[in-house]
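The values are calculated or read from the model by the stated rules, or taken from the named source; none is laboratory data. Because the structure is predicted, anything quoted here is derived from the model rather than measured. Here Cβ is always computed from backbone atoms with ideal geometry, including for glycine, and neighbour counts include all displayed protein chains.
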Amino acid sequence: MKQGANFDSRRVVLVHWKNNANKSVEVYSNLKNFSLANPMYSYDTLNNYLSKKKMPFETDDIRVERKQVITKPERPGKPDLPKRLFWEFKYDEMDWQKDSETVIERVVERGSPEEWKEMIRFYGEKKVINTLKNRTTYLTDRAIKKVCDFFKLKPEELKCYIRKQSRSQLWI
């Protein structure tokens, strides 16, 4: 379950105006745009300084630096869940989005707390709750209790609970 920031190859120019409260920080897509907007700062001078020294250009009035764009971490193509939960499936060929209902049911029924966290991280809490409420047709009584306790739901909100109540049960 590795998560981290993805570094983009693009850079932006971050400008900190030291003496101007109205515009204390500005971001430009590139150094050329900054120099065009502020002709008193020569593009060539700034570019040479920032390229060679790899440190911010700084005066009493301004600090100019290049920063690499950091994007939000992307969700991987599959969750980090153990193969043992999906013994009857071809684990490496599973379509984790298409089979999300099955995955959620299986993790809820047989997964550990860490596997629940991974399921929620991968699918998002909203999708997990929506699936459990509206799509899941069967869970054991024990799993229903765990779901209700974990997500602060009432059993009556779950489709599987309502379905269980409406079916006649065998008695001995």
query: Can you name the residue in the range 116-143 that is over 23 Å from the mean Cα position of the chain (by Cα) and exposed (fewer than 15 other Cβ atoms within 10 Å of the Cβ) and, of all such residues, is nearest to K78 (Cα to Cα)?
result: R135
statement: Scanning the range 144-163 for residues that are in contact (Cβ under 8 Å) with a residue 12 or more places away in the chain and not in a helix (DSSP H, G or I), the one surrounded by the most Cβ atoms within 10 Å (Cβ to Cβ) turns out to be L158
- line: S168 vs (1) at pLDDT below 95; (2) in a helix (DSSP H, G or I): all pass except (2)
